[in-house]
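For reference, the structure is listed below as structure tokens.
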Amino acid sequence: MSVALFRLAGIGLVCVLASPASAQLIDHKDLTAKIALTIAETAIATCTANGYRVSATILGRNGEVLVQIRGDGTGPHTMENSFRKAYTARTFRGPSAALAKRLKDDPLLPLIHLNNVVAAAGAFPIKAGEDVIGAVGVSGAPGGDKDEVCAQAGIDKVADQLK
């Protein structure tokens, strides 16, 4: 009888511990398709105005592609490269150029071997406050620093909507 009572008490304790005291859903913001499209179009338009043919990729909070546009007259590699730059910025929550600097400082950096990660400038995380909700990557200008100007222009265009 005492064994059965002990087991019953144990089951009751497990049930109490297993049910959360105050479970809550995570509340967060996500990029809309309209905002993602505006960022991509602005980035491409900025580079086009500067004489560069580029492609742009916008990723969501989980690294999923929301928008990807191949600019007129761009090389086929710019689609993949803009994605990888954006993925790097999203994954590490900072400019993709930061990984390039880390690799320069530590040529044996193992992070460079992760899928879809690239050590090249041209992408920034997209933030709502301090929360990273996506990333923009641009590829095709003659240098990542020029890609960055266009990526930043895209973010700046929607900055008031990211608050």
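The values are calculated or read from the model by the stated rules, or taken from the named source; none is laboratory data. None of these values were measured; they are calculated from a predicted model. Note: ideal-geometry Cβ built from the backbone for every residue, glycine included; neighbour counts use all protein chains shown. Note: accessible area is taken over every heavy atom of the protein model, side chains too, but ligands, DNA and RNA are not part of it. Shrake-Rupley method; radii C 1.70, N 1.55, O 1.52, S 1.80 Å.
For Asp131, the conditions (1) more than 26 Å from Thr48 (Cα to Cα); (2) free of Cβ contacts under 8 Å to residues at least 40 places away in the same chain all hold with the exception of (2).
Can you confirm whether the stretch 77-97 contains a residue that is assigned to a loop (DSSP other than H, G, I, E, B), open to solvent by 70 Å² or more (accessible area, probe 1.4 Å) and modelled with pLDDT of 95 or more? Yes, because at least one residue in the stretch 77-97 is assigned to a loop (DSSP other than H, G, I, E, B), open to solvent by 70 Å² or more (accessible area, probe 1.4 Å) and modelled with pLDDT of 95 or more.
Just so you know, in the stretch 126-163 the residues that are open to solvent by less than 30 Å² (accessible area, probe 1.4 Å) and over 29 Å from Gly75 (Cα atoms) include one that is nearest to the chain's Cα centre (by Cα), and it is Val132.
The lone criterion from (1) within 13 Å of the chain's Cα centre (by Cα); (2) over 14 Å from Ile126 (Cα atoms) left unmet by Ser96 is number (2). For beta carbons closer than 9 Å, sequence separation of 6+ or different chains, a first residue in the stretch 136-158 that is closer than 12 Å to Ala120 by Cβ and hydroxyl-bearing (Ser, Thr, Tyr) and a second that is open to solvent by less than 20 Å² (accessible area, probe 1.4 Å) and part of a helix (DSSP H, G or I), the qualifying pairs are Ser139/Thr78; Ser139/Ser82; Ser139/Lys85; Ser139/Asp147. Count of the stretch 41-66 residues, restricted to those that are outside any loop (DSSP other than H, G, I, E, B), open to solvent by less than 70 Å² (accessible area, probe 1.4 Å) and over 20 Å from Arg93 (Cβ atoms), is 6. Within the stretch 99-115, residues that are closer than 17 Å to Arg84 by Cα sit with their Cβ atoms under 7 Å from residues that are among the small types (Gly, Ala, Ser), at 6+ positions apart or across chains, in these pairs: Leu99/Ala119; Ala100/Ala119; Ala100/Ala120; Ala100/Ala121; Leu103/Ala119; Ile112/Ala119.
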